[in-house]
Amino acid sequence: MNGDGATQRQQSFPLFLYGGDYMSWSKMKQQLESFLCPALEGRVEYRAPGYRYLPDKTGICYISVDKKNVLNMMDKTSFIRWYQTELEIKNDPHIQIPISNDDIEAVRKAAKGTVPEDRLQVMARSRISSEYAKELMSAQASLSKSNFIVVATKFLSTSIEESLESNDILLNILALVDRRIGKKRILTMSEKMKLKHPSVQYFYELRRNTL
């Protein structure tokens, strides 16, 4: 009974370690929203600590846009595309992965024989696409298991640049809506965003449309 009561009290008044001190959810929420760019204040909100982004939590999401839980993977009306397999990613016509000469040379060496140039390009693209698909599915899987509090705490103690460059979807999103990322930086990120997960692209477009 004591253990259950303690758990209930912790869920009612959640505290999280940040910078050596314990921070309440209300304080963390306030701090996160204080970093929002002015144009997104009131539109982007952080909600409901203590849960996770799991498929069976269909009504729960930590980040909402215009009151809609946009990171709900089970929402069939979602603007965001959630991939089911790596093959689905590889076959997505919207994903155009650039192939460098180094990529082609790596395939040439691995082939250990004379391979037509056009065939080398096909092989290199297939190889890079497979690696990209694995990374993207891994990032999506991490999101499905992530604890928002842990990621938000990391965001608050990490440089904005590191959060932008991270493979973590939530860190990318938190950085994209941050007031510390200026107009020029947002506009120069267009090509890089094309290789990010659709959820990150959604928030990028959301931010870019405020410029």
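General observations
- Cross-chain or 6+ apart pairs with Cβ under 8 Å, region 86-98 first and within 13 Å of GLN201 (Cβ to Cβ), then of a type in the set (A, V, I, L, M) and modelled with pLDDT of 90 or more: ILE95/ILE89; ILE95/LEU195
- The residues of region 181-196 that are farther than 16 Å from LEU36 by Cα and not aliphatic (A, V, I, L, M), listed by number, are LYS184, THR188, SER190, GLU191, LYS192, LYS194, LYS196.
- Among all residues of region 170-183, there is none that is surrounded by fewer than 19 Cβ atoms within 10 Å (Cβ to Cβ) and over 21 Å from VAL44 (Cα atoms).
- As a summary of the residue check, ILE104 satisfies the conditions (1) surrounded by 15 or more Cβ atoms within 10 Å (Cβ to Cβ); (2) under 26 Å from the mean Cα position of the chain (by Cα); (3) not basic (Lys, Arg) except for the one numbered (2).
- Here LYS109 fulfils each of the conditions (1) among the basic types (Lys, Arg); (2) without any contact (Cβ under 8 Å) to a residue 24 or more places away in the chain; (3) touching a helix residue (DSSP H, G or I) at 6+ places or on another chain (Cβ under 6 Å) apart from (3).
- Selection status of SER144, surrounded by fewer than 18 Cβ atoms within 10 Å (Cβ to Cβ), touching a residue at least 60 places away in the same chain (Cβ under 8 Å) and either assigned to a helix (DSSP H, G or I) or outside the structural domain of SER64 (by TED's automatic domain parsing) (or both): yes
The values are calculated or read from the model by the stated rules, or taken from the named source; none is laboratory data. Keep in mind that this is a model prediction, so the values were computed, not measured. Positions of Cβ are backbone-derived with ideal geometry, glycine not excepted, and every protein chain shown enters the neighbour counts.
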